[in-house]
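What follows is a single structure, written as structure tokens, with notes after it.
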Amino acid sequence: MCVESGMNQATHSEVVQQEFAQAAELASAFCSDATNAERVTELSELIARKIESGGKVLAIGNGGSCADAIHFCEELTGRYREDRPSIPAIACADPGHITCTANDYGFDRVFSRWVEGLGTSEDVLVAMSTSGNSENILRAVERAREKEMQVVTLLGKDGGKLKGRGDVEFVVPGKTADRIQELHMLILHALVGAIERSLGY
């Protein structure tokens, strides 16, 4: 039993090491493209201009991407690394809104109704979808367009139906949602810091 347990543990460790290696490889591929850093910087300047004009950031996503939207927005309204003024941002993650809207209108409209109620032409919508095919994200992007909002899309795989729908678009490498979301969070963390610098904090 002890020998078999040791062999299983070694196998598990090897799998974990493969996970680490895969994540590092994808991050290296993304980070080695200097245009990605340039686009994050340009996006931070766009968002800063909107905030200075009285706008805000709205962020949406399903599942793990919803968690990323929450994480992104709390680091804007709260703090990232250092103290500074709160930056206006809202993640569409309120269970009351989501369950009410899904019950009354269908799950496909949980984000578009939220954009309709809160979005203005001075706002920026950050929409995340690892597949690029989530109908509720597509509808929200369409509604944001109608309201003349700036749209940022964080996508994976081939970009799906959302490819080409954002004013600023990131399609990151990776075949699975977990690896894609890790790169999305890397972008979002870098973006928070860049927004702070663009605002002079």
Scanning segment 83-102 residue by residue, the ones that are closer than 16 Å to LEU191 by Cα, without any contact (Cβ under 8 Å) to a residue 60 or more places away in the chain and out of contact with any His (no Cβ under 9 Å at 6 or more places or on another chain) total 4
Out of (1) modelled with pLDDT under 95; (2) within 19 Å of ILE47 (Cβ to Cβ), what's the single condition that is false for LYS175? (2)
Look at segment 171-190 and say how many of its residues are part of a strand (DSSP E or B) and in contact with a Phe, Trp or Tyr (Cβ under 9 Å, 6 or more places away or on another chain). 1
Residue pairs meeting the criteria (Cβ under 6 Å; at least 6 apart or on separate chains; first within 20 Å of ALA102 (Cβ to Cβ) and in contact (Cβ under 8 Å) with a residue 12 or more places away in the chain, in segment 123-136; second surrounded by fewer than 24 Cβ atoms within 10 Å (Cβ to Cβ) and of a type in the set (Lys, Arg)): ASN133/LYS161
Residues in segment 33-58 that are touching a strand residue (DSSP E or B) at 6+ places or on another chain (Cβ under 9 Å) and either polar (S, T, N, Q) or within 17 Å of VAL171 (Cα to Cα) (or both) total 5
For a quick check of your reading: which helices (runs of 4 or more DSSP H) sit entirely within segment 48-166 and have at least 2 residues that are modelled with pLDDT of 95 or more and surrounded by 21 or more Cβ atoms within 10 Å (Cβ to Cβ)? 64-77, 110-118, 135-146
Filter pass, ALA194 being assigned by TED's automatic domain parsing to the domain that holds GLU45, farther than 24 Å from TYR80 by Cβ and of a type in the set (A, V, I, L, M): no
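The values are calculated or read from the model by the stated rules, or taken from the named source; none is laboratory data. Worth saying up front: this structure is predicted, and the values here are computed from it rather than measured. Neighbour counts run over all protein chains shown; Cβ positions are idealised from the backbone, glycine included.
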